[in-house]
Amino acid sequence: MARRRAQLALDDQVCFALYSAFHAVMRTYRGLLSDAGLTYPQYLVMLALWERQPAAVAVGELGGRLHLDTGTLSPLLKRLEAGGFVSRRRDRDDERRVLVALTADGRALQDRVAGVPAALAACVGGGLADPVRLRSELHDLARTLDGPGDRRRAG
């Protein structure tokens, strides 16, 4: 019984460490992005669009890249469009597809937030022994859990 309790100690859970770190990172990004008028999810959308510029990106492709469903992504895009950072239009070749493109303001925003990654690194300081390895391990974890052998669906 004591062993079972020890296995369930909150501070010993990987999920709690990830959860706590996630919230700390979100609080930090909130401060770093506030001057640009972006939320963290909006920042991720913009990063994905900046990677693809000047090409427009289909909403479905953007959602796949960000691991977001259209119900989550659409409100983000609406707010970014209202802010003048992106435009949305139907694909002329396939009316079912909506394409998202950066506006001039959206392209200019990239310069305004260019220092955010370095600012986050400065906030962390020497607190991460190997941030490149950590990022790689987190990507591996996500791929493993989202992969074809996903244990959550086993039953």
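The values are calculated or read from the model by the stated rules, or taken from the named source; none is laboratory data. Predicted, not measured: the structure shown is a model, and the values here were computed from it. Cβ atoms come from the backbone with ideal geometry, glycine included; neighbour counts cover every protein chain shown.
Look at region 14-33: where a residue is farther than 17 Å from residue 120 by Cβ and a partner is among the aliphatic types (A, V, I, L, M) and exposed (fewer than 12 other Cβ atoms within 10 Å of the Cβ), sitting 6+ places away or on another chain with Cβ atoms under 7 Å, you get 16/10. Residue 126 falls short of the stated requirement of being farther than 25 Å from residue 21 by Cβ, at pLDDT below 95 and in a helix (DSSP H, G or I).
Scanning region 83-94 for residues that are over 24 Å from residue 36 (Cβ atoms) and either surrounded by 11 or more Cβ atoms within 10 Å (Cβ to Cβ) or among the hydroxyl-bearing types (Ser, Thr, Tyr) (or both) yields 89, 90, 91. Where helices (runs of 4 or more DSSP H) sit wholly within region 1-102, those with at least 1 residues that are over 25 Å from residue 143 (Cα atoms) and not polar (S, T, N, Q) occupy 2-7, 14-33, 70-82. Out of 33, 10, 73, 18, one residue alone is out of contact with any Pro (no Cβ under 8 Å at 6 or more places or on another chain), surrounded by 14 or more Cβ atoms within 10 Å (Cβ to Cβ), under 25 Å from residue 128 (Cβ atoms) and not hydroxyl-bearing (Ser, Thr, Tyr). It is 33. Here residue 97 meets each of (1) surrounded by fewer than 12 Cβ atoms within 10 Å (Cβ to Cβ); (2) of a type in the set (Lys, Arg); (3) closer than 18 Å to residue 55 by Cα with one exception, condition (1).
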